Every structure is written in C-alpha cells, then in structure tokens.
1. All but one of (1) under 28 Å from ARG62 (Cβ atoms); (2) touching a residue at least 12 places away in the same chain (Cβ under 8 Å); (3) part of a loop (DSSP other than H, G, I, E, B) hold for LEU118, so report the exception by its number.
2. So PRO34 passes all but one of these: (1) in a loop (DSSP other than H, G, I, E, B); (2) crowded, with 16+ Cβ neighbours inside 10 Å. Which condition number does it fail?
3. Taking the criterion of being modelled with pLDDT of 90 or more, assigned to a loop (DSSP other than H, G, I, E, B) and among the polar types (S, T, N, Q), would at least one residue in region 122-137 satisfy it?
4. Could you list, in sequence order, all residues of region 168-190 that are in contact with an Asp or Glu (Cβ under 7 Å, 6 or more places away or on another chain) and of a type in the set (Ser, Thr, Tyr)?
5. Can you list residue pairs whose Cβ atoms sit under 8 Å apart, with the first residue in region 24-37 being free of Cβ contacts under 8 Å to residues at least 24 places away in the same chain and the second being acidic (Asp, Glu) and assigned to a loop (DSSP other than H, G, I, E, B)? Count only pairs 6 or more apart in sequence or on different chains.
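The values are calculated or read from the model by the stated rules, or taken from the named source; none is laboratory data. Fair warning: this is a prediction, and the values are worked out from it, not measured in the lab. Cβ coordinates were reconstructed from backbone atoms using ideal geometry, including for glycine residues, and neighbour counts include every protein chain displayed.
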Amino acid sequence: MILKSDPNILDADVISIAESRLISTDENDDFHVPGFEPPVRLDQKQTNFNTRPPHGLVLYYRNDCITSQYSHFLNSIFRVCYSRHNITHESLSFQVVFVYKAPNCKLQQLKDTFLANLLPDVYLRHPKIIIMGDFNIDLNTGNTSFLKFMRDSFCCSQIVSKPTTSYGTLLDLIFLNFDSKVNFETDVLDSYWSDHKVIYVAIETQ
C-alpha cells in the first residue's frame, strides 16, 4: 500500500484520498496504516463486477486525534461526495470537509449539493473551517464564479496556487476561513502513483 511507504503522507495528522476505488467487500484491515484509526470510507457502488468503480473517498486520522459530529454525503447520480468531521488535535478544534467531485459533475450540480446538504451541516461561526479535495474545477482556466460562491456561502477563500496535476491544471483545492492570527502553510508535492499531486495545509498549533 502506497501510504505506508510515503513519509510525506505519513507525517500528516489527517489524510484524505480521492478516487479510492474501494468496494464493499474490501476489508479495512487490508488498508490499515500504523498510527492511524481505521479508515472512514465512502465507497462508490460497484456496477460492473469485472472492474472497480473509478471514484470513492477515504479518510485517515491519527490515533491522538478526536473526531466527533461527523457526517457523510454520496450522490451516485452526480458523483459527488464529501465527508465532514469535527477534529480536535492538541487542544485545537477544526471543522474539516473532504470533497470529491467527478469530472462529469457539473459545477451548478456541485453548488446545489453544497447549498442543500453541506451548508446546513457546517457551523459557519467556527473559526477554523477547512474544505478541501479534488473538485475537478480547473482554476487555471477561470471558474472564478466558484471562488465567489465559496466566499459568499462558506466565508472561505482558496489558498492553493500551484498546478495540482501532471498536466498543469489546478483541480485540487483548499478553502479556509482562518483569520490572520492563524499561522499555516500550504504546498503541492509530487506523487508517483497518480497524475494528481498531493496538496496539504499545515497549521501551527503552538
């Protein structure tokens, strides 16, 4: 398993993987990562039993993280899913949403899904909201309307500025509502198993 041999990923406290391609018969024990809780999974339904589905979402968080009040959403028609968690680590609390939107899901469908399902589930007054994942919206070709939508609806701004795929597109995004008192850094790392690169946000806890 790739996760177990990548020090950049294992250094994280919370890990999310899009396009996980897991199916219901896959056992969690086969995907255990030492130091992390069993994976939280949103598996896409398998319709062709000769091949694995192309989508899905998996979340890992360290044993010393406390997660509560979580919720999941999976729309098999639009092929958009998210997993929302309240995570506490080293006395800091975060409201984190991990997102996957399939390429054939229209932008308006994603907005409608967020407004109908995610917005009522997010406490907008929380001082540390993170909404991140594979949005399959290339910011290098515009799509600024979605940035405005996220600012107006969730009070969050996008912080990834480098291409996140081998093709020079910027599809993987991180939205935050942090104020200037919160120190953080973000970057994009190369990956050797996917045409998507690794995005991360590191938050100072001291």
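1. Here LEU118 meets the rest and fails (3).
2. (2)
3. Yes, because at least one residue in region 122-137 is modelled with pLDDT of 90 or more, assigned to a loop (DSSP other than H, G, I, E, B) and among the polar types (S, T, N, Q).
4. Looking only at region 168-190, we keep the residues that are in contact with an Asp or Glu (Cβ under 7 Å, 6 or more places away or on another chain), and these are 169-172, 183-184.
Listed by number, the list holds a single entry, THR169.
5. Pairs found: SER24/ASP43; ASP26/ASP43.
Residue by residue, here is whether (1) surrounded by fewer than 21 Cβ atoms within 10 Å (Cβ to Cβ); (2) closer than 19 Å to ILE17 by Cα; (3) more than 18 Å from the chain's Cα centre (by Cα) holds:
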| position | (1), (2), (3) |
| --- | --- |
| PRO38 | yes, yes, no |
| GLN44 | no, yes, no |
| THR51 | yes, no, yes |
| PRO54 | yes, yes, no |
| ASP64 | yes, no, yes |
| THR67 | yes, yes, no |
| TYR70 | yes, yes, no |
| SER83 | no, yes, no |
| LYS101 | no, yes, no |
